[in-house]
Structure formats: C-alpha cells, structure tokens
Amino acid sequence: MNGFRFNKTKTTTPQAPAAHTSASEPEPDANVETSSTSGQRSASDSDDKWEDSDFDLSSTEYARRGKELMRLINDLRSMGADTMIDLPTIVVIGGQSAGKSSLVEAVSGVNVPRDSGTCTRCPMECTMSSSAKTWSCTVKLRFDYDSSGRPLPRSKEVAFGTPITDRDDVDIWLRRAQAAILNPHTPAENFHKKTVTELRTINSTSSLKFSRNVVAVAIEDPDAIDLSFIDLPGLIQNEDQEVIDLVQELTVKAISRPNTIILTTIPMSDDIQNQQSVRLAREADPDGQRTIGVLTKPDTLGQGAVSARKSWIDVIEGHQHTLKHGYYCVRLPDDAQRTQRLSRTAFQKLEAEYFDTNPPWSQSTERGRFGIPAFVSDISVLLVKHIGKSLAKLKQDVERLLASCLDDLVALPAPLTSDPQVEVLGKVNEFCTAFKGIIDGTSSDKRLAQRNRALYADFKRDIRGTAPDFRPFERPHRYEPLDSLEPNEPFLIRRNPGVRTMGLSEVRQAIKDAIAWELPNNIPYEAKTRLISQFTTLWTAPAERCLTAINEVLDDVIQGLIETHFGRFKVLQQLVSELISADVEEYKSRTRCAMKETLELEDRPNYTQNTDYLLTLRDKWLNKYRLGRRDPSQYELLDDSEESDYPTAQRQTDEVTNALYYLTQAGYSGLTADDLNRLRPYNPNDFEDELIVMADVRAYFHVAYKRIIDHIPLKIEHSLHQALAGKVSVTLLQSLIVDTTAQGDFAERMKELVSEDPAIALKRDHLQARRARLQDYKRKLMNFSA
C-alpha cells in the first residue's frame with residue numbers, strides 16, 4: 001500500500017489508510033499506487049468509526065481544511081479542553097528501548113532529550129505546521145493539573161522562553177521545560193538559562209517524579225506535514241514499582257479515551273507478543289479499531305533471521321496480529337548518523353535506499369507501509385478525517401457538560417446580597433413559622449404528625465395488651481382467653497407478657513387475701529384495687545417507649561429544619577442548633593415528669609364519673625363470665641398440654657377418683673372428671689362473688705384504658721410540641737438580637753452569622769470557572785467554519 005502521500009513537487013491521488021488484503025487477492029497494477037484491504041474489517045464498512053475516503057493532500061481545499069481542523073483542536077487543547085472533553089488525539093506509546101524518541105525526532109524534525117534511564121517524565125505535545133516560510137519552534141508549559149494530579153479550575157498555558165530558530169537548541173529547551181513542569185513551585189524563568197549539567201543536579205527530592213502537565217512544542221516548518229501528536233513517557237521496567245505504576249497509569253488513562261488514535265512503537269528486535277505497549281493497546285482497543293503499529297529497528301534482523309523476517313512481513317501485510325489501520329515499518333537514524341546532523345531529506349533518502357535494497361522489505365506487497373514519509377502523510381490524513389467526523393459529537397458533549405454545570409450552579413444557594421441582619425431575622429422567622437406549621441399539622445410537611453400518630457397507635461395497642469386475663473374456670477389454662485366483647489378484636493391484641501392468667505380459684509384466693517374486718521358476704525374493696533394495680537403498673541413501660549420514640553421524631557424534624565433553613569450558613573446553623581437544643585432537652589424533661597404524673601393518676605383512687613359506661617360494661621362482662629361458667633365447652637382448648645402444670649391433687653379429688661372407678665366397674669368406661677362435672681347440676685351461686693370481681697375489674701380496665709390512651713398523647717403534644725413551638729421563637733430572638741446587641745458590635749456579629757460555608761463558596765467558584773471554560777469551548781466550536 002502507498003497510502004496517503006504528500007510531495008511538494010509531485011502530485012498523486014492518495015487513498016485513506018486501510019487495513020491490508022489477504023495474500024489470496026489479486027496483485028495490484030504495478031504502475032498504480034493503491035491501498036489494499038486486509039482480512040480484518042473492510043474500509044468500506046458503513047459503520048466504521050473512522051470511515052475511510054479519498055483525499056488529495058496537495059489540493060488547496062484539503063490543505064486549508066486540514067490546517068483549520070488541526071488548529072481548532074490544538075486551540076481547544078491549549079485552552080485545557082482535553083481535561084473535560086475527549087478531543088481527537090494521536091498518542092505515541094512504547095517502551096524505553098523501542099525507538100520511540102527516534103520516531104518522534106524523525107516525524108518532528110527536531111532532536112529530543114536522550115539520556116540513559118528514564119528521561120521523559122511528562123507528556124510532550126508536538127504540533128507541526130507548514131504555513132510559515134521559515135523554520136521556528138516555540139515551547140509552552142500547559143498546567144491542567146495541580147501537583148497532586150487534580151484538575152485545575154482553569155488551565156494555564158505560559159510561554160517558555162523566546163521562539164527558537166536553531167534546531168540544535170530544541171534539545172536543551174525541552175530539558176529546561178520538563179524541569180519547570182516537574183518543579184511547579186519554582187518560577188519557570190529560573191530554568192531558562194540552566195545547562196544540561198545543572199539540570200541533572202536538580203534536587204530530585206523536591207521534584208515531582210512524573211507529571212500530567214504538558215510541554216507543548218509548536219514547530220513551523222515549510223517542509224513538514226501538518227500533524228499533531230502527544231508523546232507519552234516511555235514504559236519502564238527497571239525502576240521503583242511506584243514509578244513503574246505511575247507511568248503505566250498515565251499511559252492507560254491516555255489511550256483508553258475513545259477518540260485517541262494509538263501509535264505503539266514496536267521494536268522488531270523482540271517478539272511482538274513480548275511488547276508491553278502492544279498489550280496495553282490491545283486492552284484499551286480490543287478490536288484494533290484505533291491502533292496503529294509502528295515497527296522500528298528492522299536493521300537489527302540479520303540476513304540469517306529468516307523466520308523472524310517472514311513473521312514481521314506477515315504482520316506488515318496483514319496476515320498476523322491484524323489491526324484496522326495496519327502497521328508501518330520505519331528505519332530510524334542510529335547514533336552515528338545522528339552525530340552527522342544530516343538533513344531530514346538525507347535521512348529519508350537513506351531509509352528509502354535501505355527498504356529498496358534489502359529483502360524481504362523490498363519484495364513486500366505493501367511497499368506503501370515502509371518509511372517515515374508514508375507513515376506521516378497517512379496518519380496526518382487519518383487525524384484530519386477523524387477530527388472532521390468528531391466535530392458534531394464534540395459540540396454535543398460541550399452542550400451537555402454546560403447544561404449540567406448550569407444545573408449544578410442553579411442548585412447552589414445564590415450569593416448573599418441582602419443586609420445580614422435582614423437575612424438572619426428572615427431565616428429565623430421562616431424557621432419558626434415552618435416549625436409551628438409542622439407541630440400543628442398545617443404545613444405541607446406532615447412527617448411529625450403522621451409518624452407520631454403511628455407511635456400513639458402502637459401505644460394504644462400496648463396498653464390494650466395489659467387487659468386482665470380472667471377465665472371463669474377452675475382450671476383456666478385448659479380454656480381460651482375471654483378477652484373481648486367483640487368477636488374479632490382478640491386477633492388484634494398483643495398481650496403483655498406481664499399479664500397473669502387468673503381463673504376462679506386465683507380470684508377466690510385474691511379475695512381471701514384481702515379480707516380484713518369485713519362483715520360476712522362482703523367482698524373486700526381492696527381485692528379489686530389489687531387486681532386493678534396489676535394492669536396499671538404495666539403502663540409505665542409502654543408510655544416510656546412511646547415518649548422516647550416521639551423524642552427521636554422531634555429531633556429528626558428539628559435537625560432537618562435547621563439544615564434546610566440555616567444549612568448554607570454554618571456559623572448560624574451551629575448557633576441555632578445549640579440554642580434550640582437546650583430548649584428541647586428542657587421540655588423533654590418536663591414532658592417526662594408530666595407523663596409520670598398522668599400515669600400516677602391511675603394508681604389511687606380508682607375512680608370514674610363515667611358510671612353509665614362502667615356499669616354497662618360490668619353487666620356485659622358478668623354475663624359473659626357466667627355464660628362461660630355455665631358452658632365451658634365452647635372455650636375448651638383442643639390442646640390440654642398446659643394441664644400438666646397443675647398438681648394431681650388440684651385436678652382430681654379422691655371422690656372423683658372413686659366415682660370414676662365404680663362407673664367403670666358398672667360398664668361406663670372412658671369417662672373423665674369433666675364428664676362428671678357436666679353431669680353435676682349447675683349451681684348459679686357457685687363462684688358468684690369471683691365472677692362479680694372479675695366483671696368489675698375488667699369493666700374498670702376499659703374505662704381507665706380509654707382515658708390513658710388519650711391522656712398520654714395529649715400530654716406529650718401539649719407539654720412538649722406545643723410548648724416548644726412557643727418557646728423557640730422567643731429563645732432565638734432573645735439570643736440573636738437582644739443579647740447580641742447588649743454585647744456590642746451587632747453588625748459585625750450578624751455578618752459573621754451569615755458568612756457562607758467555605759465549601760459552598762469554593763464549589764460555586766469552581767462551577768463558575770468550569771462554566772466559563774465550557775462557554776469558551778462552545779464559542780470556539782460554533783465559530784468554526786466547517
């Protein structure tokens with residue numbers, strides 16, 4: 001393949017660089033320069049990322065467009081756009097001994113620093129233009145990152161020295177520029193006159209090992225082809241692991257960007273499989289769509305290396321390790337030739353003679369892939385084409401980033417423009433109004449009311465679960481609880497584990513224990529009060545749990561409001577939080593005391609004026625207990641395993657045992673003690689006193705229960721929330737206005753309170769700088785005439 005050609009004296013019709021054809025395809029006409037296609041992906045693929053087409057490098061229109069496109073991307077890069085958007089770029093990578101520096105010299109026409117060990121410690125951006133009539137070179141330093149590697153808010157590009165007119169001076173100025181990049185805290189002009197020896201003796205402990213900031217070299221050369229590329233530090237092996245990782249990380253980051261064309265230098269003195277740069281390029285570009293291999297050092301393969309030469313010819317002709325844009329083979333000047341300081345034309349003539357006279361290179365079907373001129377002209381056209389196709393996407397990316405930046409700016413609070421006193425008073429008033437609205441449930445924020453209602457409902461269920469568990473049976477554990485007058489309510493009850501199950505015998509014992517000097521047939525009142533206290537003492541724990549949860553909700557709501565209304569003013573936020581916190585803790589303590597007093601009202605006396613309700617419930621429960629006593633079978637449990645908890649003497653009497661024995665002898669086998677109880681005539685006066693006590697206590701529970709489930713929530717709301725809502729505004733105004741005025745320097749204190757959070761101010765400055773940069777990029781792209 002001849003590929004693209006640029007010749008000042010001879011006009012040819014170049015074709016875009018395409019991959020190679022397989023060996024089975026017909027040979028091209030020997031008199032016509034053509035591009036063949038490989039067995040990989042055809043250049044005619046409509047979905048190819050970089051679609052190939054024909055260009056005439058010598059045409060005035062193409063030259064003009066190419067220069068404008070190159071200038072556009074170079075201008076955007078000098079403005080720091082490369083840190084925000086993915087600019088079309090050619091990146092040169094390779095190992096230390098791959099011939100990368102020689103390749104850069106051959107392409108650019110200038111000498112670059114050469115030393116043993118690691119030399120290049122920062123990227124070098126090289127831009128070549130053929131517009132000028134005389135040769136010149138300018139060097140600039142572009143700082144896109146700080147010394148820690150973080151992007152700067154705005155890129156800074158500074159000229160380094162005066163324009164260079166002698167090619168021999170480029171080497172020392174590049175060394176000086178790199179030293180300035182690696183020592184960002186030292187003025188750049190301090191390096192302008194340093195010698196090579198002085199540069200080598202710079203204290204390495206104060207210098208950065210590597211930097212992402214760039215030495216930008218602009219070369220005006222009437223004999224050059226317009227091209228721009230970035231030379232990265234060479235991949236290294238014999239260094240500290242930290243340094244090795246730094247260089248590799250820099251390389252991987254650069255070549256992973258989708259718009260980057262990867263030029264990987266591959267010395268033919270080593271197997272292609274052993275090349276680290278090849279491996280990294282393959283990982284970044286698995287399909288080989290944007291990688292170009294540049295084969296160096298073909299003269300290291302002697303005449304006897306037949307197998308190696310054939311293998312490399314297969315690579316060049318597209319039979320092995322295929323890439324979309326293929327491979328180029330170049331022969332670069334050795335040290336002896338460089339010392340002769342031959343011209344670029346002389347070097348290229350030596351290179352052409354080598355490839356024309358040395359097989360198998362002279363016999364290759366892909367002669368257009370040999371030599372620096374073919375390589376440079378091809379990648380120049382490829383880059384121009386790629387830039388042209390990327391313009392629309394670049395504009396979209398800038399528009400997207402600018403819109404996102406503007407959204408982030410709008411999301412930030414606007415800079416303070418009003419009087420500090422007005423701002424403070426306004427914020428305090430808004431906060432107090434919002435807090436009162438949340439407490440009263442009149443604002444749009446219903447969180448406190450809704451969460452508290454749920455907690456009060458839990459409290460209600462907890463209190464309901466303390467109801468006495470009276471069962472009108474002599475052996476209560478054999479029967480299910482009689483826990484409600486409503487058929488479905490028991491399924492909603494969460495019984496408190498402190499509730500004791502009591503049957504007729506247990507209630508009879510409670511009555512007996514309370515007897516003092518009562519006359520016969522009088523039930524001691526104390527028996528009922530003792531049974532009542534069994535459930536009222538269980539109410540303290542649910543009430544404490546409820547209040548603790550209510551306090552947590554209050555803290556959450558207050559902190560959220562403080563953050564919302566004062567969050568941008570950290571000093572004011574901290575002060576308000578401290579002032580309110582004292583009030584909150586005080587009223588929490590008051591509420592706990594008030595709740596305790598409310599609970600103590602249920603201890604003594606056991607009293608109600610709601611007698612109609614009490615007597616109605618008492619009659620209903622008495623009837624329910626009597627019915628259960630009359631017909632216990634309707635409440636009998638199928639599982640009577642709990643009966644084993646009772647002693648045998650309590651379950652059976654000798655009389656029952658004897659009766660069952662004689663009945664069995666008479667032929668009535670299988671009977672039980674319960675069968676005998678059912679046969680025994682029902683006496684309505686049995687355990688009547690116990691049933692009455694059960695009904696009285698159970699009825700009073702419901703009266704007291706309905707009181708307490710309202711009194712506790714109302715006490716909390718009144719003593720905590722309502723009281724606090726009234727106190728907060730007084731506290732804040734007293735402390736912020738009256739006390740501050742008394743201390744003097746009121747205006748200064750107000751200004752201090754509304755000083756903006758430094759983090760917000762810093763973020764705003766960063767976003768404003770980013771917006772300005774993106775707007776510059778947008779104008780640059782929009783003003784470009786395609």
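Values quoted throughout were computed directly from the atomic coordinates according to the rules given, and no laboratory measurement underlies them. All of these numbers come straight from a predicted model, not from anything done at the bench. Heads up, the Cβs are rebuilt from the backbone with ideal geometry, glycines too, and the neighbour counts pull from every protein chain shown.
Of note:
- Straight-line cross-link reach from residue 427 at under 19 Å between alpha-carbon atoms covers these lysines, not counting any fewer than eight positions away in the same chain: 436, 570, 727, 751.
- Pairs beyond 21 Å (Cα-Cα), from 133/194; 253/297; 253/395; 460/624; 528/715; 324/389: 133/194; 253/297; 253/395; 460/624; 528/715
- Ordering 560-568, 99-107 by mean Cβ neighbour count within 10 Å, with the highest value first, yields 99-107, 560-568.
- For region 490-642, the direction-averaged projected area of the alpha-carbon convex hull comes to 15.6 nm².
- In this structure the amide hydrogen of residue 266, modeled in the peptide plane, comes within under 5 Å of the amide hydrogens of 294, 295, 296, none closer than 5 places in sequence on its chain.
- For region 81-175, alpha-carbon Rg and Dmax in angstrom: 14.9, 42
- 5 angstrom amide H check on residue 90, placed H, neighbours 5+ away: 230, 261
- Rg over Rh [alpha-carbon atoms, Kirkwood Rh] for region 361-512: 1.56
- Net charge contributed by nearby residues that have their C-beta within less than 13 Å of residue 510 (K/R +1, D/E -1): -1
- On the principal axes of its alpha-carbon atoms, region 64-105 has extents of 34, 27, 13 Å, going from largest to smallest.
- Distance cut-off 15 Å, percentage of C-alpha pairs in region 275-362 lying past it: 65 percent
- Of the trypsin sites (Lys or Arg not before Pro) found in region 155-193, the ones in coil according to DSSP and having at most 16 other Cβ atoms within 10 Å of their Cβ are 193.
- Peptides 131-137, 459-465, 238-244, 618-624 ordered by average Cβ neighbours within 10 Å, highest first: 459-465, 618-624, 131-137, 238-244
- Among 92-98, 517-523, 81-87, 577-583, the order from most to least packed when residues are scored by Cβ within 10 Å on average: 92-98, 81-87, 577-583, 517-523
- Rg over Rh [alpha-carbon atoms, Kirkwood Rh] for region 391-454: 1.30
- Restricting the calculation to Cα atoms, every distinct pair contributes to the Kirkwood radius of region 200-279, found to be 15.5 Å.
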